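The values are calculated or read from the model by the stated rules, or taken from the named source; none is laboratory data. Just so we're clear, the structure is a prediction, and the values are computed from it rather than from any experiment. We place every Cβ from the backbone using ideal geometry, glycine too, and count neighbours over all the protein chains shown. In case anyone asks, the SASA skips ligands and DNA or RNA and just uses the protein heavy atoms, side chains included. Shrake-Rupley method; radii C 1.70, N 1.55, O 1.52, S 1.80 Å.
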Amino acid sequence: RELWWRRELRWVAEGSAGTMGKQPVRLYCKGVVQGYKRGMHNQYPQQARIAVEGLNDRSKVGFYVGKRVAYIYKATAERKTLRGKSSKIRVIWGKVIGAHGNSGVVKAKFRTNLPPKAIGGPVRIMLYPSNI
(Lines give C-alpha, C1' and ligand atoms only; values in the text may rest on other atoms or scores of the structure.)
Protein backbone atom coordinates (compact mmCIF):
# COMPACT_ATOMS: atom_id res chain seq x y z
CA ARG A 1 0.00 0.00 0.00
CA GLU A 2 1.38 3.37 -1.01
CA LEU A 3 1.70 6.39 1.29
CA TRP A 4 -0.59 9.26 0.24
CA TRP A 5 2.18 11.87 -0.03
CA ARG A 6 4.27 9.64 -2.32
CA ARG A 7 1.26 9.32 -4.59
CA GLU A 8 0.91 13.13 -4.63
CA LEU A 9 4.62 13.58 -5.37
CA ARG A 10 4.35 11.24 -8.35
CA TRP A 11 1.20 13.04 -9.49
CA VAL A 12 3.02 16.38 -9.43
CA ALA A 13 6.12 14.90 -11.10
CA GLU A 14 4.06 13.48 -13.97
CA GLY A 15 2.68 16.94 -14.65
CA SER A 16 -1.00 16.01 -14.54
CA ALA A 17 -1.50 18.97 -12.22
CA GLY A 18 0.75 20.99 -9.99
CA THR A 19 2.54 22.89 -12.73
CA MET A 20 1.27 26.36 -13.38
CA GLY A 21 2.71 27.47 -16.68
CA LYS A 22 6.26 26.19 -16.68
CA GLN A 23 7.06 26.68 -12.99
CA PRO A 24 7.15 23.47 -10.91
CA VAL A 25 5.38 23.39 -7.56
CA ARG A 26 7.63 23.36 -4.49
CA LEU A 27 6.38 21.06 -1.73
CA TYR A 28 8.47 22.70 1.00
CA CYS A 29 9.18 26.07 2.62
CA LYS A 30 12.69 27.37 3.03
CA GLY A 31 14.19 27.92 6.45
CA VAL A 32 17.50 28.75 8.11
CA VAL A 33 18.98 27.13 11.22
CA GLN A 34 19.59 29.91 13.74
CA GLY A 35 21.18 27.79 16.41
CA TYR A 36 20.38 25.45 19.25
CA LYS A 37 17.95 25.97 22.10
CA ARG A 38 19.99 27.66 24.80
CA GLY A 39 20.03 29.58 28.01
CA MET A 40 22.60 32.05 29.17
CA HIS A 41 25.17 29.40 30.10
CA ASN A 42 24.05 26.11 28.52
CA GLN A 43 22.94 25.06 25.07
CA TYR A 44 20.76 22.08 24.25
CA PRO A 45 21.67 20.64 20.84
CA GLN A 46 18.72 18.23 20.74
CA GLN A 47 16.48 21.16 19.74
CA ALA A 48 17.25 23.63 16.97
CA ARG A 49 15.73 27.04 16.25
CA ILE A 50 14.65 27.57 12.65
CA ALA A 51 13.59 30.81 10.98
CA VAL A 52 10.98 30.03 8.32
CA GLU A 53 10.74 32.21 5.22
CA GLY A 54 7.56 34.31 5.29
CA LEU A 55 6.71 33.49 8.90
CA ASN A 56 7.00 36.50 11.18
CA ASP A 57 4.54 36.12 14.03
CA ARG A 58 3.63 33.46 16.56
CA SER A 59 -0.01 33.13 15.51
CA LYS A 60 0.83 31.33 12.25
CA VAL A 61 3.29 28.84 13.79
CA GLY A 62 0.48 26.36 14.52
CA PHE A 63 0.31 25.44 10.82
CA TYR A 64 3.93 24.28 10.89
CA VAL A 65 3.80 22.23 14.12
CA GLY A 66 4.19 18.55 13.23
CA LYS A 67 5.64 19.25 9.77
CA ARG A 68 8.82 17.40 8.80
CA VAL A 69 12.11 19.23 8.45
CA ALA A 70 15.04 18.11 6.29
CA TYR A 71 18.63 19.30 6.70
CA ILE A 72 20.35 18.28 3.46
CA TYR A 73 24.13 18.26 3.24
CA LYS A 74 26.90 16.85 1.10
CA ALA A 75 29.43 14.46 2.66
CA THR A 76 32.89 13.54 1.39
CA ALA A 77 32.36 9.78 1.05
CA GLU A 78 29.71 8.13 -1.08
CA ARG A 79 27.22 5.84 0.60
CA LYS A 80 24.54 3.59 -0.86
CA THR A 81 21.00 4.91 -0.73
CA LEU A 82 17.81 2.92 -0.27
CA ARG A 83 17.50 2.22 -3.98
CA GLY A 84 21.07 0.89 -4.29
CA LYS A 85 22.64 3.95 -5.96
CA SER A 86 25.65 5.73 -4.47
CA SER A 87 25.36 9.35 -3.41
CA LYS A 88 27.26 11.92 -1.36
CA ILE A 89 24.05 13.72 -0.41
CA ARG A 90 22.63 12.93 3.02
CA VAL A 91 19.64 14.09 5.04
CA ILE A 92 18.92 14.53 8.73
CA TRP A 93 15.16 14.45 9.34
CA GLY A 94 13.34 16.27 12.10
CA LYS A 95 9.98 17.60 13.14
CA VAL A 96 8.68 21.06 14.13
CA ILE A 97 7.67 20.89 17.79
CA GLY A 98 6.59 24.44 18.63
CA ALA A 99 7.18 28.17 18.57
CA HIS A 100 10.22 29.96 19.92
CA GLY A 101 9.37 33.49 20.96
CA ASN A 102 6.90 35.81 19.25
CA SER A 103 8.70 36.50 15.96
CA GLY A 104 7.78 33.33 14.06
CA VAL A 105 10.85 31.23 14.85
CA VAL A 106 10.10 27.53 15.36
CA LYS A 107 11.78 24.80 17.41
CA ALA A 108 12.58 21.50 15.72
CA LYS A 109 13.77 18.18 17.08
CA PHE A 110 15.97 16.08 14.78
CA ARG A 111 16.59 12.32 14.81
CA THR A 112 20.27 12.99 15.44
CA ASN A 113 21.50 16.35 16.69
CA LEU A 114 22.42 18.83 14.00
CA PRO A 115 26.16 19.41 13.61
CA PRO A 116 27.49 22.88 14.44
CA LYS A 117 28.24 23.56 10.76
CA ALA A 118 24.46 23.49 10.16
CA ILE A 119 24.02 26.81 11.97
CA GLY A 120 23.21 29.40 9.34
CA GLY A 121 22.55 26.67 6.81
CA PRO A 122 19.35 26.01 4.86
CA VAL A 123 16.65 23.50 5.79
CA ARG A 124 13.45 22.45 4.05
CA ILE A 125 10.16 22.45 5.95
CA MET A 126 8.01 19.92 4.12
CA LEU A 127 4.32 20.74 3.76
CA TYR A 128 3.31 17.28 4.94
CA PRO A 129 1.78 15.80 7.03
CA SER A 130 -1.15 18.12 6.45
CA ASN A 131 -3.55 19.14 9.22
CA ILE A 132 -6.07 20.76 6.89
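Tell me, please, whether a residue that is among the polar types (S, T, N, Q) and either under 16 Å from VAL96 (Cα atoms) or at pLDDT below 55 (or both) can be found in the range 37-46. Spell out the reasoning first.
Of the residues in the range 37-46, the ones among the polar types (S, T, N, Q) are 42-43, 46.
The next check asks that each one be either under 16 Å from VAL96 (Cα atoms) or at pLDDT below 55 (or both); those that pass are 46.
Within the range 37-46, one or more residues are among the polar types (S, T, N, Q) and either under 16 Å from VAL96 (Cα atoms) or at pLDDT below 55 (or both).
Taking the numbered list (1) closer than 26 Å to VAL25 by Cα; (2) touching an Asp or Glu at 6+ places or on another chain (Cβ under 7 Å) in turn, SER86 passes all entries but (1). Scanning the range 49-72 for residues that are among the aromatic types (Phe, Trp, Tyr) and not in a strand (DSSP E or B), we see that the one that is farthest from ILE92 (Cα to Cα) is PHE63. Any idea how many residues of the range 23-40 are open to solvent by 100 Å² or more (accessible area, probe 1.4 Å) and part of a loop (DSSP other than H, G, I, E, B)? Qualifying residue count, the range 23-40: 2.
Exactly one residue among LYS117, LYS95 is outside any strand (DSSP E or B) and either basic (Lys, Arg) or touching a residue at least 12 places away in the same chain (Cβ under 8 Å) (or both), and that residue is LYS117.
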